[in-house]
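Asks: I'd like to ask you about the structure that follows.
The values are calculated or read from the model by the stated rules, or taken from the named source; none is laboratory data. Because the structure is predicted, anything quoted here is derived from the model rather than measured. Virtual Cβ from ideal backbone geometry, glycine too; neighbours counted across all protein chains shown. Accessible surface areas use protein heavy atoms only, side chains included; no ligands, DNA or RNA. Shrake-Rupley method; radii C 1.70, N 1.55, O 1.52, S 1.80 Å.
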Amino acid sequence: KFIHENVNNFCLSNDIKFFHFFQPLVFFGEKKLTIDENIWKKNGYSSGDPEIFAKFYNSLKKEELNIKDLTDIFNQETRQTYIDSGHLNILGNNLVAKKIAKIISDC
């Protein structure tokens, strides 16, 4: 949280827009998980404890930061987007990149 706040303050003081993106994880959102994704969800986490991510997420949401929530980006996606509980395959990375590009271009 300290790092995010300091980077945000630095950017603001230099008239730079800074975005905070919450990444998608197999544990969050309403995505209909594939067989592999369900296995990864049940077998634990590769990208950090989901409880810690949730606490961090809830803590930062309370701040006046430019937060963009991507945790539900795959809610309508039925194809596999993960290679484990937190890392994305080519499709997942492509969908996230397109969403980030749209967010930035809309500003």
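Asks: Using the Cα centre of the chain as the reference point, and only Cβ charges (+1 on K/R, -1 on D/E), how large is the resulting charge dipole? Debye, rounded to the nearest 20.
Replies: Rounded to the nearest 20 debye, it is 180 debye.
Asks: Right, next: Going by accessible area, probe 1.4 Å, with all protein chains left in place, what is the ranking of T71, T81, largest first? Before the final figure, lay out each step's value.
Replies: On the way: T71 25, T81 0 Å².
Ranked list, largest accessible area first: T71, T81.
Asks: Right, something else. For S13, S85, what's the largest-to-smallest order of accessible area, 1.4 Å probe? Mind dumping the intermediate values first?
Replies: Values: S13 90, S85 5 Å².
Ranked from most to least accessible, the order is S13, S85.
Asks: May I pose another question? List every residue whose amide H lies under 5 Å from the amide H of F21, counting only residues 5 or more places away in sequence or on a different chain, with H placed 1.01 Å from N in the peptide plane.
Replies: Placed amide hydrogens put K68 under 5 Å from F21.
Asks: In Å², what does the accessible area per residue of the chain work out to with a 1.4 Å probe?
Replies: On the way: 7140 Å² over 107 residues.
Heavy-atom accessible area per residue stands at 67 Å².
Asks: Near the amide H of L88, under 5 Å away, which other amide H atoms are found, from residues 5 or more places off or on another chain, if H is placed in the peptide plane?
Replies: Distant-sequence amide H within range of L88: I83.
Asks: Find the Rg to Rh ratio for segment 2-107, where Rh is the Kirkwood radius over alpha-carbon pairs and Rg uses the same atoms. Write down the numbers at each step before the final one.
Replies: On the way: Rg = 15.0 Å, Rh = 14.9 Å.
Value, to two decimals: 1.00.
Asks: When ranked by the protection proxy of mean other Cβ atoms within 10 Å per residue, highest first, what sequence do the peptides 15-21, 25-31 form?
Replies: Working: 15-21: 12.3, 25-31: 18.9.
Averaged packing, sorted descending, gives the order 25-31, 15-21.
Asks: Further question on the same structure: With Cβ to Cβ distances under 10 Å as the rule, what net charge do the other residues near E77 carry (K, R +1; D, E -1)?
Replies: Numbers: positive: K31, K32, R79; negative: none.
Here the count lands on +3.
Asks: Could you give me the ³J(HN,Hα) list for segment 93-105, computed from phi with Karplus coefficients 6.51, -1.76, 1.60 and θ = phi - 60°, whole Hz, x at Gly and Pro?
Replies: Computed from phi, the couplings for segment 93-105 are 4, 5, 5, 5, 4, 5, 5, 4, 4, 5, 4, 5, 5 Hz.
Asks: Loop only by DSSP, 12 or fewer other Cβ within 10 Å of the Cβ. Give me the trypsin sites (Lys or Arg not before Pro) in segment 55-98 that pass, ordered by residue number.
Replies: Numbers: sites: K55, K61, K62, K68, R79, K98; in loops: K62, R79.
Filter output for segment 55-98: K62, R79.
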